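The values are calculated or read from the model by the stated rules, or taken from the named source; none is laboratory data. For clarity, every value in this text was computed on a predicted model and none was experimentally measured. Reconstructed Cβ throughout: ideal geometry from the backbone, glycine too, with neighbour counts over all protein chains shown. Ligands, DNA and RNA are stripped out before the accessible areas are found, and what is left, the full protein with its side chains, is counted by its heavy atoms. Shrake-Rupley method; radii C 1.70, N 1.55, O 1.52, S 1.80 Å.
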Amino acid sequence: MIVVMSVGAVEEDIQQVISAIEARGLSALRMPGGDRVAVGIPSAIPPDMREPLYQMLSVLSGVAHVAHVSRPYKLASREFHRADTVVEIKGVRFGGQHIQIMTGPCSVESLDQMQAAAEAARAAGARVLRGGAFKPRTSPYAFQGLQDKGLKILQQVGREHGLLTISEVMQPDLVPLVASHVDILQIGARNMQNFPLLIEAGKSGHPVMLKRGPSATLDEFLLAAEYLLHYNNSKVLLCERGVHPLDRSYARNTLDLNAVPVLKEISHLPVIADPSHGIGISRHVPAMALASVAAGADGIMLEMHPNPREALSDGAQSLTPGQLLALMPRLRAVAAAIGRSA
Ligand code: PEP
Ligand code: MN
């Protein structure tokens with residue numbers, strides 16, 4: 001429920017609304033707007049309380065109108081936050097006019113590999129260097145990542161090249177370690193509903209990029225984001241990375257491009273698209289990256305490896321530095337066509 005105050009409402013009116021909500025054991029969230037304030041109730045309202053609460057709030061002094069919120073998530077919804085949220089991390093803005101490029105290998109493998117990747121990322125104009133250190137692998141026999149050592153390499157190389165860094169965290173107790181090495185925590189698709197992890201990442205206040213689970217609905221995705229916001233983390237990026245495909249013979253996943261404009265409509269959070277995991281075949285990644293920009297993504301995550309053939313994970317979907325460089329002018333042209341830059 002959202003209580004929209006009238007333009008002439010005074011502080012006393014606002015306080016009265018907040019007190020009336022809190023007196024019923026509910027939380028009240030003050031939402032400053034352009035010329036008026038609204039007060040949101042993010043917590044679930046018991047069904048028998050809804051109508052009396054609505055009636056009571058509607059007649060309080062300074063209240064313009066009371067609206068029911070139709071979505072199960074509140075803090076992540078456009079209804080609670082009308083303007084686009086711009087997440088600013090060390091001066092890099094996500095969700096503004098500029099489309100941010102995040103790139104680097106699937107996994108951190110060595111210092112040399114990361115240095116070559118960082119040079120290519122810089123040359124392409126990317127602001128974020130990616131590299132997994134703790135890897136969620138389907139098989140226990142697959143490369144599991146360099147772990148602590150990988151985080152150190154990523155941190156060092158990111159600093160040397162003036163790039164932000166992002167890496168995945170898979171377990172709640174490792175949130176402090178990963179957060180102390182990278183600028184953005186990645187919560188991977190397989191962990192989208194790892195609730196203890198969402199709670200720890202939320203409490204950390206560290207920027208988080210949350211990936212959509214391969215079978216998650218958009219409501220489930222935004223409810224996972226709601227955990228982060230509820231635990232007081234406002235620096236949240238959503239990432240569409242592909243859902244389970246109908247047919248795996250031609251692509252690893254199906255990048256759900258519908259999700260991009262839909263998420264932008266129903267949520268205020270920045271939306272990143274990951275065409276690398278989305279289609280999973282490097283020669284098709286550029287087309288889906290261009291399509292993601294056209295669809296309205298605020299950022300593009302692209303796996304890129306100095307030598308994809310020798311990559312320890314996801315080589316088949318990784319661009320070479322040359323392919324990334326060749327893609328950039330085309331991305332910029334599509335961005336310009338929709339009034340943005342990249
Ligand atoms: C990754 O970014 O390398 C990764 C494992 O992504 P996802 O969680 O989307 O599969
Ligand atoms: Mn990967």
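Share of carbon and sulfur in the accessible area of segment 87-337 stands at 53%, probe radius 1.4 Å. The residues neighbouring Ser341, those whose beta-carbon lies less than 13 Å from its own, together hold a net charge of +3 under the Lys/Arg +1, Asp/Glu -1 convention.
Put a plus charge on the Cβ of each Lys and Arg, a minus charge on the Cβ of each Asp and Glu, and nothing anywhere else: the dipole of the chain about its Cα centre is then about 720 debye. Taking the DSSP bridge list for the chain and keeping only pairs wholly inside it, about 35 percent are antiparallel.
Computed extension length for Gln193-Ser19: 59.3 nm, one decimal, from 0.36 nm per residue of separation with the Cα-Cα distance subtracted. The helix-only estimate of mean residue ellipticity at 222 nm for the chain, built from DSSP H runs of length n ≥ 4 each weighted as -39500 (n - 2.57), is -11000 deg cm²/dmol after division by the residue total.
Close amide H partners of Cys106, meaning residues 5 or more places away or on another chain with modelled amide H under 5 Å apart, are Met304. The overall shape of segment 240-342 is oblate: from the C-alpha gyration tensor, with semi-axes ordered a ≥ b ≥ c, the ratio a/c is 1.5 or greater and a/b is no larger than b/c.
Since only Ala124, Gly296, Pro214 are under comparison, the one whose Cα sits farthest along the positive direction of the charge dipole of the chain, derived from C-beta charges on Lys, Arg, Asp and Glu, is Ala124.
Scoring 238-251, 278-291 by mean Cβ neighbours within 10 Å over their residues and listing the highest first yields 278-291, 238-251. By the Kirkwood approach, averaging reciprocal distances over each pair of separate Cα atoms, segment 87-337 gets a hydrodynamic radius of 17.6 Å. Remark: segment 13-71 carries 54 Å² of accessible area per residue (probe radius 1.4 Å; ligands, DNA and RNA excluded). If I take R0 = 22 Å and measure r between the Cβ atoms of His244 and Arg309 in this structure, what FRET efficiency does the formula 1/(1 + (r/R0)^6) give, to the nearest 0.05? Once rounded, the FRET efficiency stands at 0.20. Amide hydrogen proximity for Met209: with H placed 1.01 Å from N in the peptide plane, the residues at 5 or more positions away or on another chain lying under 5 Å are Leu185, Gln186, Ile187, Leu237.
At 1.4 Å probe radius, can you tell me the per residue accessible area of segment 112-178 in Å²? If you can, show how the numbers build up before the last one.
On the way: 2930 Å² over 67 residues.
Ligands and nucleic acids excluded, the figure is 44 Å² per residue.
Sequentially through segment 272-289, phi angles give Karplus couplings (6.51, -1.76, 1.60; θ = phi - 60°) of 9, 10, 10, x, 5, 6, x, 10, x, 10, 4, 5, 9, 4, x, 4, 6, 5 Hz, Gly and Pro residues having no value and appearing as x. With the whole protein complex present, Asp314 retains an accessible surface near 40 Å², based on a 1.4 Å probe.
Where a ≥ b ≥ c are the square roots of the eigenvalues of the C-alpha gyration tensor, would you call segment 2-67 rounded, which needs a/c under 1.5, or, failing that, prolate if a/b is larger than b/c, or oblate? It comes out prolate by the Cα gyration axes. With an a/c value of 1.5 or above and a/b not larger than b/c for the gyration tensor axes a ≥ b ≥ c computed over the alpha-carbon atoms, segment 86-232 is described as oblate.
Taking the Cβ of Gln147 as the centre, find all other residues whose Cβ is under 13 Å away and add up their charges (Lys, Arg: +1; Asp, Glu: -1). Combined, the nearby Lys, Arg, Asp and Glu give +1.
Remark on Val243: its backbone amide H falls under 5 Å from those of Thr254, Leu255, Asp256, a criterion applied only to residues 5 or more positions apart or on other chains, H modelled at 1.01 Å from N.
Here the contact order of the chain, divided by its residue count and restricted to Cα pairs under 8 Å and six or more residues apart, works out to 16 percent.
Taking the accessible area of segment 2-67, probe 1.4 Å, and keeping the other protein chains in place, the carbon and sulfur fraction comes to 56%.
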